[in-house]
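Student: Before I ask anything, here is the structure I am working with.
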Amino acid sequence: SFDFAARVERVEPSATLAISNKASELEAAGVDVVDLSVGEPDFPTPENVVAAGKEAMDAGHTGYTPSNGIPQLREAIAEKLRGDGIDAESDEVIVTPGGKQALYETFQTLIDGVDERGSSAGGTSSRAGDEVVLLDPAWVSYEAMAKLSGGSLNRVDTAPYDFQLEPALDDLAAAVSDDTELLVVNSPSNPTGAVYTEAAFEGVRDLAVEHDITVISDEIYQRITYGVDQPSLAAFDGMEDRTVTINGFSKAYSMTGWRLGYLHAPESLVSQAAKLHSHSVSCAVNFVQHAGVEALENTDEAVTEMREAFRERRDMLADLFADHDVDVPVGDGAFYMMLPVDDDDQSWCAGAIEDAHVATVPGSAFGSPGYARISYAASEERLREAVDRLATEGYL
Ligand code: PLP
């Protein structure tokens with residue numbers, strides 16, 4: 001038998017995948033499942049982006065690229081970030097196969113486990129690995145990435161504050177200390193859809209500066225906001241030198257399967273992360289990077305159309321739940337809502353898929369039991385069907 005590494009044994013398989021497997025099983029048995037468990041836009045990739053990918057392939061852009069990305073894309077990303085108020089240069093950017101890889105590389109670059117800390121510090125006073133602070137509910141992979149890197153987790157719950165960060169700042173201040181290595185901020189948020197206020201970001205900045213904390217700002221849903229703008233954390237005074245900005249093409253341009261994302265950070269961090277990058281993935285796919293330039297430069301109309309569609313669905317879904325006297329905290333971004341359910345959210349979700357054939361993800365997977373995450377990246381007709389079924393089967 002295999003002697004597995006502790007790092008993989010520390011981690012659970014993705015809860016989202018368990019649900020979609022169950023949905024696929026039922027579908028294979030001929031059941032019509034309304035799958036609201038997936039975090040994926042239901043629109044095609046904009047045509048001009050697809051065309052740019054094809055053209056790049058035809059033009060022979062099929063070999064390796066420079067590890068950190070093709071110069072045109074790194075420059076286009078730096079230009080985009082400058083538009084967000086960050087003083088970015090192209091050599092501060094690593095282009096990755098998906099935002100997930102950019103996050104993974106960041107955790108691996110910054111977080112030491114117990115053994116590593118012991119040896120690098122010549123003996124350790126603490127038993128735990130470097131401290132990573134998460135704001136719950138938090139996207140499932142942050143916890144896994146922290147554990148894979150050997151870090152120890154410290155979690156701050158925003159559920160009592162309708163998932164907003166600003167009213168949770170006192171709790172965050174109580175949680176962080178000079179021992180905190182990394183704080184992860186994700187706004188607009190998966191799984192809540194919350195968009196954090198400017199005051200919340202200022203609060204994060206003040207704590208990060210006070211305790212010398214590096215902050216990951218996962219801005220992958222940045223372009224999916226409704227009536228509010230999402231500022232970039234790195235643009236706040238004092239944050240440029242301590243922020244790793246993560247973004248990607250999956251959500252904004254409906255390009256999940258293309259696998260394209262990036263990180264931006266000070267050059268000193270980029271040169272360390274670049275080692276992991278070059279020794280693991282080598283580079284993101286060549287012709288995909290060319291399509292990425294087109295996505296950044298020529299998709300404003302498509303992005304606006306998708307955003308409007310998401311907004312209409314969000315409003316419709318909130319109204320439908322209200323008709324059933326269910327009050328759902330509605331966020332101003334991304335395409336998720338947290339539906340308050342029983343304390344035993346795992347049983348609720350298992351029942352909802354068995355009885356109502358509606359797939360959702362238990363909030364406990366994100367650190368917040370008592371909720372089910374609903375993705376409204378589905379047609380209005382399917383969303384109506386889902387609410388009808390949940391109500392008929394007694395789940396609302
Ligand atoms: N960050 C968050 C909060 C996400 O929800 C996702 C995707 O679900 C990602 C990062 C990674 O997306 P990708 O690797 O497709 O760019």
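Quick note: the coordinates plus some simple rules give every number you see, no bench work behind them. Please read these numbers as outputs of a predicted model, since none were measured by experiment. Glycine gets a Cβ as well: all are built from the backbone with ideal geometry, and neighbour counts include every protein chain shown.
Student: State the antiparallel share, in %, of DSSP beta bridges confined to the chain, rounding to the nearest 5.
Tutor: The answer is about 45 percent antiparallel.
Student: Sticking with this one: Is there a quick way to get the dipole size of the range 64-297? I mean about its Cα centre, with the Cβ of Lys and Arg at +1 and of Asp and Glu at -1; what is the value in debye to the nearest 20?
Tutor: 1080
Student: In the range 331-396, which GluC sites (Glu not before Pro) fall in coil by DSSP and have 16 or fewer other Cβ atoms within 10 Å?
Tutor: Within the range 331-396, the qualifying GluC sites (Glu not before Pro) (loop, at most 16 other Cβ atoms within 10 Å) are E393.
Student: Explain nothing, just the number: dipole magnitude of the chain about its Cα centre with +1 on each Lys and Arg Cβ and -1 on each Asp and Glu Cβ, in debye rounded to the nearest 20.
Tutor: In debye, rounded to 20, the chain gives about 1180.
Student: Here is a further query. May I ask which residue of T197, S280, N298 lies farthest towards the positive end of the charge dipole of the range 194-351, with charges of +1 (Lys, Arg) and -1 (Asp, Glu) on Cβ and the Cα centre as origin?
Tutor: Value: S280.
Student: Label the range 1-153 by shape, choosing from rounded, prolate and oblate, from the square roots a ≥ b ≥ c of the eigenvalues of the Cα gyration tensor; if a/c is under 1.5 it is rounded, and otherwise prolate applies when a/b is larger than b/c, oblate when it is not.
Tutor: Since a/c reaches 1.5 but b/c is at least a/b, the shape of the range 1-153 is classed as oblate.
Student: Follow-up. How far apart, in nanometres, would the label points at V303 and F4 be if each is projected 7 angstrom from Cα along the Cα-to-Cβ direction?
Tutor: Result: 4.0 nm between the two label points.
Student: Can you list the lysines whose alpha carbon sits under 22 Å from that of K251, skipping same-chain ones fewer than 8 residues off?
Tutor: Filter leaves K54, K80, K100.
Student: Shape verdict for the range 64-297, please, from the Cα gyration tensor: rounded (a/c under 1.5), prolate (a/b greater than b/c) or oblate.
Tutor: Oblate shape, in that a/c is at least 1.5 and b/c is the bigger or equal ratio.
Student: Once every DSSP H run of n ≥ 4 in the chain is given -39500 (n - 2.57) and the sum is divided by its residues, what mean residue ellipticity at 222 nm do you get, rounded to the nearest 500 deg cm²/dmol?
Tutor: -12500 deg cm²/dmol
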